[in-house]
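J.: Next up is a structure, given as structure tokens.
Bear in mind that the values in this text are calculations on the coordinates, not laboratory data. Please read all numbers here as calculations on a predicted model, not as lab measurements.
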Amino acid sequence: MSVAAIRRLMWSGLSAASPWEAHAADSRLMSELGGAPDAVEGVTAFLEKRPAEFPMKVSADLPSGMPSWPEDPYGV
């Protein structure tokens, strides 16, 4: 989930009106994902010294605050 969120933030940031707009989107997602089941599992697995088994799926659990992909300027 984190990789998907980071990739989406990076691409949407390219078309942001200002760095502050990108920062606001990043802050919203950090707040929303910080208490998500994947974050809890990651910390717990690290403390228990075991491989993590992340329960969230990108196909079903994307946060509502996730920015959309920017428009394709080339129409590809």
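J.: Quote the convex hull volume per residue of the chain, based on C-alpha atoms, as a whole number of Å³.
T.: 107
J.: Compute the distribution of all C-alpha to C-alpha distances in the range 2-45, in bins of 10 Å from 0, and list the percent of pairs in each, rounded to whole numbers.
T.: Binned Cα distances yield the sequence 27, 47, 21, 5.
J.: Same structure again: Cα axis of helix 2-14 to longest principal axis of the chain: angle in degrees, 0 to 90, nearest 10?
T.: Roughly 20 degrees between the two axes.
J.: Please give the helix 19-33 orientation as an angle from the longest Cα principal axis of the chain, in degrees from 0 to 90, rounded to the nearest 10.
T.: 30
J.: Residue by residue through the range 39-44, what is 3J(HN,Hα) from phi via Karplus (6.51 cos²θ - 1.76 cosθ + 1.60, θ = phi - 60°)? Round to whole Hz and write x for glycine and proline.
T.: Each residue's phi maps through the Karplus curve to give 5, 4, 5, x, 5, 4 Hz.
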